[in-house]
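Beneath this line is the structure, given in structure tokens, with notes to follow.
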Amino acid sequence: MDATVTGLWRYPVKSMLGEECEAVELDARGVRGDRLFAVRDAEGKLGSGKNSRRFRHLEGLFACRARYDGEVAEITLPDGRRVRGDDPRIDDVLSEILQAEVKLAREADVPHFDSHPLHIVSRAALDWLRLRLPQSRIDERRFRPNIVLEVPGSGQPELSWIGRTLRAGGAVLKVVEPTGRCRMTTAEQGDLPFDPGVLRCIAQEAGEDFGVYAEVLTPGRIARGDPVVAA
């Protein structure tokens, strides 16, 4: 295996736009600080781009962007205002923006992740999808990965890594299963337009799988440009 880290992403607040990083620290939970916060409604459901037993679709989450200011999540609102997670007005501000009674909550007993803690996508997979959807804007941001890899080959080479152990920078990861995609891949995100063709194509061509999930076996630091090899 011969791969290189070319992109690193962290999403301080679940289902909001995140921040691109030059380097991240991985611990047993995943990228340190990733989805550590979430918006919860009055019933305790997590704000998301979809509805399920755990999640509630909240229109407007993708119009907000979150980053860390030290250890505090800072949210940029659709109108450009910034509000820190420790601001006493934060719940009122988010409730107004999202038009629902919500609170910004730190993760406690129940993980905020949909599934596993790390999501990996290769640039080969992005190119594979671009060939099938030449009129669409295929951008890594649409798939909300933590790690983007440059890998030789075509198609989705990462699907062949299921069950394998990888060393990335100073961390050791285990690839555990494909990432099943949902309607969130079609949503408008920042300057990326709504595009239902993205999910339709993935479903028809790859059974809804795009990218892979991984777990952290050995914590460590990963930076852009780090090699990724079989461990």
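Within segment 186-204, is even one residue more than 20 Å from GLY49 (Cα to Cα) and among the β-branched types (Val, Ile, Thr)? No, segment 186-204 contains no residue that is more than 20 Å from GLY49 (Cα to Cα) and among the β-branched types (Val, Ile, Thr).
Of the residues making up segment 172-192, those that are assigned to a strand (DSSP E or B) and within 19 Å of GLY18 (Cβ to Cβ) are THR179, GLN189, LEU192.
Within the set ARG142, ARG137, ARG167, the sole residue that is in contact (Cβ under 8 Å) with a residue 24 or more places away in the chain and in a loop (DSSP other than H, G, I, E, B) turns out to be ARG137. With respect to being touching a Gly at 6+ places or on another chain (Cβ under 8 Å), over 22 Å from LEU36 (Cβ atoms) and crowded, with 19+ Cβ neighbours inside 10 Å, GLU158 fits the description. Within segment 151-164, the set of residues being among the hydroxyl-bearing types (Ser, Thr, Tyr) and in contact (Cβ under 8 Å) with a residue 12 or more places away in the chain comprises SER154 only. Look at (1) hydrophobic (A, V, I, L, M, F, W, C); (2) over 19 Å from the mean Cα position of the chain (by Cα); (3) closer than 25 Å to GLU59 by Cβ and you find that LEU131 fails only one, number (3). The set of residues from segment 7-33 being part of a loop (DSSP other than H, G, I, E, B), touching a strand residue (DSSP E or B) at 6+ places or on another chain (Cβ under 6 Å) and among the basic types (Lys, Arg) comprises LYS14, ARG32. The set of residues in segment 193-225 being within 29 Å of GLU22 (Cα to Cα), touching a residue at least 60 places away in the same chain (Cβ under 8 Å) and surrounded by fewer than 19 Cβ atoms within 10 Å (Cβ to Cβ) consists of GLU215, PRO219, GLY220, ARG221, ALA223, ARG224, GLY225.
Read-outs throughout are calculated quantities, based only on the coordinates presented, and are distinct from any laboratory measurement. In this text, all values refer to a predicted model and were calculated from it rather than measured experimentally. Quick reminder, even Gly has a Cβ in these numbers, built from the backbone with ideal geometry, and neighbours come from all protein chains shown.
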